[in-house]
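Notes follow the structure.
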Amino acid sequence: CDACDLVRYCSDKCQQDHRPQHETMCKERVAELRDEILFRQPETSHMGECPICFLPLPLDHQKSVMQSCCGKVICHGCSYANKLREREARLQQTCPFCRHPTPLTLEGTNKNKMKRVAANDPVAIREIGKKHYQKGDYDTAFEYFTKAAELG
């Protein structure tokens, strides 16, 4: 049956003969297939995927973290698992993606971000633009947003 894929027929005549017995079961299966398609989790989002676990990044920005060293956005699950691993093994805190040591100060974080901006990383440029926008410096923010959009 083309609608439900539950039954195969040898000919059109066999399909027509069996239709009365199959119709109820077919309608139920078609409804199930529709629900599966309708309520399935999307394979990805506009945020992309976590580069470690390859699961779609959450739409809520509070549930992911951008690494200042490499500019990767990582889900909280991978970030948490990395912190547990480091704590248990008594290791230095590092980025879960590139293993670069995590800066201990805000100054170190900003220095890393500016390195990414100098390397023309569009994500880092957008983040700097957001900071300028939040401070009310709309002209500078617009310049950063434009440059980030041009870079992709």
DSSP loop (so not H, G, I, E, B), at most 11 other Cβ within 10 Å: list which GluC sites (Glu not before Pro) in the stretch 1-74 pass both filters.
GLU43
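With the cut-off at 19 Å, tell me which of the pairs LYS63/LYS115; LYS63/LYS111; LYS113/LYS147; LYS113/LYS135; LYS72/LYS113; LYS83/LYS111 have Cα atoms farther apart than that.
Working: LYS63/LYS115 25 Å; LYS63/LYS111 24 Å; LYS113/LYS147 15 Å; LYS113/LYS135 17 Å; LYS72/LYS113 11 Å; LYS83/LYS111 22 Å.
Over 19 Å apart, Cα to Cα: LYS63/LYS115; LYS63/LYS111; LYS83/LYS111.
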Taking the Cα centre as origin and putting +1 on Lys and Arg beta-carbons and -1 on Asp and Glu beta-carbons, what dipole magnitude results for the chain, to the nearest 20 debye?
900 debye
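Which value, in debye to the nearest 20, describes the size of the charge dipole of the stretch 1-83 about its Cα centre when Lys and Arg Cβ atoms bear +1, Asp and Glu Cβ atoms bear -1, and nothing else is charged?
Details: 10 positive and 12 negative charges, 74 e Å.
Around 360 debye, computed over the stretch 1-83.
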Helix 122-135 sits off the longest principal axis of the Cα atoms of the chain, rounded to the nearest 10 on a 0 to 90 degree scale, by 70 degrees
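Can you give the FRET efficiency to the nearest 0.05 for ALA118 and ALA89, using r as the Cβ-Cβ distance and R₀ = 41 Å? Could the numbers behind the result be given before it?
On the way: r = 33 Å, r/R0 = 0.81.
Given R0 = 41 Å and the Cβ-Cβ separation, E is 0.80.
Quick one: with all protein chains in place, what share of the accessible area of the stretch 1-138 is carbon or sulfur, to the nearest percent (1.4 Å probe)? Display every interim value, and only then the final one.
Numbers: 5470 of 10200 Å².
Carbon plus sulfur share of accessible area: 54 percent.
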If I take every Cα pair under 8 Å that is 6 or more residues apart in the stretch 79-131, average their sequence separation and divide by the length, what percent do I get for the relative contact order?
16 percent
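Once Rh for the stretch 39-78 is found with the Kirkwood sum over Cα pairs, what is the Stokes-Einstein diffusion coefficient at 37 °C and 0.692 mPa s, in µm²/s?
Details: Rh = 10.4 Å.
Using the Kirkwood radius from Cα pairs, D works out to 315 µm²/s.
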Report the one residue of THR146, ALA119, PHE39 whose Cα lies farthest in the direction of the positive end of the charge dipole of the chain (charges on C-beta: Lys and Arg +1, Asp and Glu -1; origin at the Cα centre).
ALA119
Tell me which lysines have Cα within less than 29 Å of LYS13's Cα, excluding those fewer than 8 residues away on the same chain?
LYS27
Calculated FRET value between ILE52 and GLU150, using beta carbons and R₀ = 35 Å, to 0.05:
0.75
Out of HIS100, PRO58, GLY71 - ranked by how far each Cα lies towards the positive end of the dipole of the stretch 32-152, with unit charges on the beta-carbon of charged residues - the top one is HIS100
How big is the charge dipole of the stretch 52-125 about its Cα centre, in debye rounded to the nearest 20, if each Lys and Arg gets +1 on its Cβ and each Asp and Glu gets -1 on its Cβ?
160 debye
Determine the per residue accessible area of the chain with all protein chains present and a 1.4 angstrom probe, expressed in square angstrom.
74 Å²
tail above 21 Å in the computed P(r) of the stretch 1-97, as % of all Cα-Cα pairs, reads 58 percent
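How much net charge surrounds PRO122 when only other residues with a Cβ under 12 Å from its Cβ are counted (Lys, Arg +1; Asp, Glu -1)?
Numbers: positive: ARG116, ARG126, LYS147; negative: ASP121, GLU127, GLU150.
In short, 0.
The values are calculated or read from the model by the stated rules, or taken from the named source; none is laboratory data. Being a predicted model, the structure only gives us computed values, none of them experimental. All Cβ positions, even for glycine, are placed from backbone atoms using ideal geometry, and neighbour counts span all protein chains on display. Side chains are part of the model used for accessible areas, which takes the heavy atoms of the whole protein and leaves out ligands, DNA and RNA. Shrake-Rupley method; radii C 1.70, N 1.55, O 1.52, S 1.80 Å.
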